Amino acid sequence: GPKTNSPSDNEDHNVPKFIVDHSTRTTFMKGRFLGKGGFARVHELTDLTTNVAYAGKIIPKSRITKPHHKEKIAREIEVHRQLQHKHVVRFHRYFEDDSNVYIILENCSMRSLVHVLKYRRTLTEPEVRFFIHQLAEGVAYIHGEGIIHRDLKLGNMFLSQDMNVKIGDFGLATRTADNRQVTICGTPNYIAPEVLNKCGHFYQADIWAIGCIMYALLVGQPPFETDTLKETYSRITNNQYVIPPLVSSHGRSLITALLHPDPKSRPSVPELLRHDFFTKGLFPRSLPTLACTQVPQFT
Ligand SMILES: COc1cc(C(=O)NC2CCN(C)CC2)ccc1Nc1cc2c(cn1)c(C)nn2-c1cc(Cl)cc(CCC(N)=O)c1
């Protein structure tokens with residue numbers, strides 16, 4: 001269509017085809033637009049030295065207007081760059097030029113579980129075992145590094161070409177050390193009651209989010225979803241949700257434990273990984289990419 005001439009639009013779109021990281025003299029070629037989130041527009045960026053394609057978050061500096069914007073991006077980079085695990089999106093590097101900040105991340109070519117669930121509506125229990133187990137392994141690693149993600153959701157569970165879960169987007173993550181600050185910076189999707197009631201934000205809030213994600217994958221929608229944020233928050237505070245009969249007894253038992261209103265009563269990640277939901281049911285070693293669009297046949 002016609003090139004709009006509004007400055008904001010141009011500044012977003014005027015990223016050159018070739019982007020140079022002068023600190024390492026690496027040139028990236030900008031490929032197709034993958035999507036956007038927060039201040040970032042994401043393109044496929046290919047490192048011309050290695051021909052490896054990445055997901056490059058491009059953040060125009062002109063959009064980083066307030067100090068807390070800068071802090072949020074700095075935090076995302078500072079937290080994410082130190083993490084290295086099979087189920088965490090690999091942070092490749094970051095650099096900046098006069099116009100933009102570039103965050104170069106592992107490309108997850110099967111996108112995220114948001115897209116899988118949109119297409120499939122619900123997943124089978126073996127698939128949910130596969131995905132939730134990988135998510136929990138990644139969360140165990142992050143917590144072991146003293147980090148709380150604080151915004152675990154389907155859209156942050158990226159999928160690699162071989163259908164493995166990669167936890168991404170550390171924009172709201174925090175260290176347990178500076179966990180005294182209880183303000184919620186964003187509106188995390190699966191916000192835990194103790195966070196809503198400002199009783200502090202600890203590892204158990206991520207466990208709660210895993211419960212919300214597990215429920216959404218099995219049932220097809222999140223446990224506390226209503227038409228208004230006010231009603232949703234009221235249901236979260238009152239722990240008001242229903243697990244439909246289609247969910248197995250082990251699935252029901254695990255969801256109930258993860259969504260316990262008292263954070264101290266929720267299972268730790270190691271307890272979660274030992275739950276009968278994982279040990280007493282078909283647990284696929286891998287998933288075919290076909291599972292993004294149809295029910296896979298488990299042999
Ligand atoms: C090949 O890999 C991808 C493909 C696509 C894709 O097909 N997007 C289509 C492109 C065409 N348009 C019309 C619809 C979206 C989307 C994401 C891909 N990979 C991909 C995307 C990735 C990452 C890794 N890998 C990471 C890490 N962070 N992000 C990331 C970050 C932000 Cl801020 C926003 C988004 C967009 C969310 C979305 N709609 O998927 C993604």
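Where a number appears in this text, it was derived from the coordinates with a stated rule and is not lab data. Only a predicted model underlies this, so the values are computations on that prediction, with no experimental measurement involved. Cβ placement follows ideal geometry from the backbone for every residue including glycine, while neighbour counts extend to all protein chains displayed.
Structural remarks
- Region 251-298: C-alpha gyration tensor shape, a/c 1.5 cut-off, then a/b vs b/c: prolate
- Among 31, 211, 251, the largest mean-square fluctuation in a Gaussian network model of the chain, built with springs joining Cα atoms closer than 10 Å, belongs to 31.
- Cα gyration tensor, region 191-276 - rounded (a/c under 1.5), prolate or oblate: oblate
- Rounded tilt (10° steps) of 67-80 against the dominant C-alpha axis of the chain: 70 degrees
- Projecting the Cα atoms of 23, 33, 249 onto the charge dipole of the chain (Cβ charges, centred on the Cα centre) puts 33 farthest toward the positive pole.
- Estimated 222 nm signal from helices in the chain, with DSSP H stretches of n ≥ 4 weighted -39500 (n - 2.57), rounded to 500: -9500 deg cm²/dmol
- Per-residue packing, averaged as other Cβ atoms within 10 Å, sorts the ranges 167-175, 212-220, 105-113 into the order 212-220, 167-175, 105-113, beginning with the highest.
- Size of the chain as Cα extents on the principal axes (Å, biggest first): 55, 47, 39
- C-alpha center-to-center spacing [region 31-104, region 149-166] in angstrom: 16 Å
- Ordering 164, 100, 296 by the projection of their Cα atoms onto the charge dipole of the chain, which places +1 on the Cβ of Lys and Arg and -1 on the Cβ of Asp and Glu, puts 296 at the extreme positive end.
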